[in-house]
């Protein structure tokens, strides 16, 4: 009997790594350059303050993961600290935020795709249809099998990392100090400009808790999914 029993399917090292890395590199890094361009060089302070805030949050999550080793991230921490109701509320809030994130990623994808296919910028209906097809196609792949979802994640992660690496490294050779003057081109006060830029940049850093997904995935693979009730709201 034991010989015929099939072992559960698991994600390999590359797929698991790509799942975490791909989740952290979202639409923010691709859409923010356009959003911050209207503020000029002062947007660098937005990146700085957002990065400091993100590091503080990361430190808090790191501490909580030691104190409360249960898988589930913010849901598990809220449930242990404040009870089931708050934990449930946090879980649903996080789930709803993921829906909004999926919409943001789809919009960003269609915006970039519109450069190659102008009809996506000219026809809202076509853009909507293509966006829905893309979103549901990825959902179907993830629902089909763990292996298919993992392989797809590896491909999409490579497609995101390679352009970022090329632009980042190549951009070092085209730095022009004159582009930083005037430092604030938004026409509003520097304090207000920095505040807005920080809020925009913090959106890109909100995926800092995604590495906890790795531990969640490993926990699910070690134990049957039905024995992980605290994770159900996330799936």
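The values are calculated or read from the model by the stated rules, or taken from the named source; none is laboratory data. This one's a predicted model, so the numbers in the text were calculated from it and none came from an experiment. Here Cβ is always computed from backbone atoms with ideal geometry, including for glycine, and neighbour counts include all displayed protein chains.
Hey, could you check the range 128-144 for residues that are surrounded by fewer than 13 Cβ atoms within 10 Å (Cβ to Cβ) and at pLDDT 90 or above and say which is nearest to residue 156 (Cα to Cα)? Full working, then the answer.
Restricting attention to the range 128-144, the residues satisfying the condition of being surrounded by fewer than 13 Cβ atoms within 10 Å (Cβ to Cβ) are 129, 132-133, 136-137, 139-140, 143-144.
From what is left, the residues that are at pLDDT 90 or above are 129, 132-133, 136-137, 140.
On the way: 129: 21, 132: 18, 133: 16, 136: 16, 137: 13, 140: 15 Å.
Within the range 128-144, the match that is nearest to residue 156 (Cα to Cα) is 137.
So for the range 117-127 (the condition being more than 18 Å from residue 22 (Cα to Cα), exposed (fewer than 14 other Cβ atoms within 10 Å of the Cβ) and touching a helix residue (DSSP H, G or I) at 6+ places or on another chain (Cβ under 7 Å)), does at least one residue qualify? Yes, the range 117-127 has at least one match.
In the set 32, 36, which member is surrounded by 14 or more Cβ atoms within 10 Å (Cβ to Cβ), within 30 Å of residue 189 (Cβ to Cβ) and under 17 Å from the mean Cα position of the chain (by Cα)? Full working, then the answer.
Details: 36 fails: under 17 Å from the mean Cα position of the chain (by Cα).
Unique residue meeting the criteria: 32.
The set of residues from the range 130-149 being within 15 Å of residue 108 (Cα to Cα) and either in contact with a strand residue (DSSP E or B) (Cβ under 8 Å, 6 or more places away or on another chain) or touching a residue at least 40 places away in the same chain (Cβ under 8 Å) (or both) is empty.
Say whether the condition of being part of a loop (DSSP other than H, G, I, E, B), surrounded by fewer than 16 Cβ atoms within 10 Å (Cβ to Cβ) and modelled with pLDDT of 80 or more is met by at least one residue in the range 89-99.
To start, the set of residues in the range 89-99 that are part of a loop (DSSP other than H, G, I, E, B) comprises none.
For the range 89-99, residues part of a loop (DSSP other than H, G, I, E, B), surrounded by fewer than 16 Cβ atoms within 10 Å (Cβ to Cβ) and modelled with pLDDT of 80 or more: absent.
The number of residues in the range 150-183 that are within 14 Å of residue 25 (Cβ to Cβ), surrounded by fewer than 11 Cβ atoms within 10 Å (Cβ to Cβ) and in contact (Cβ under 8 Å) with a residue 60 or more places away in the chain comes to 0.
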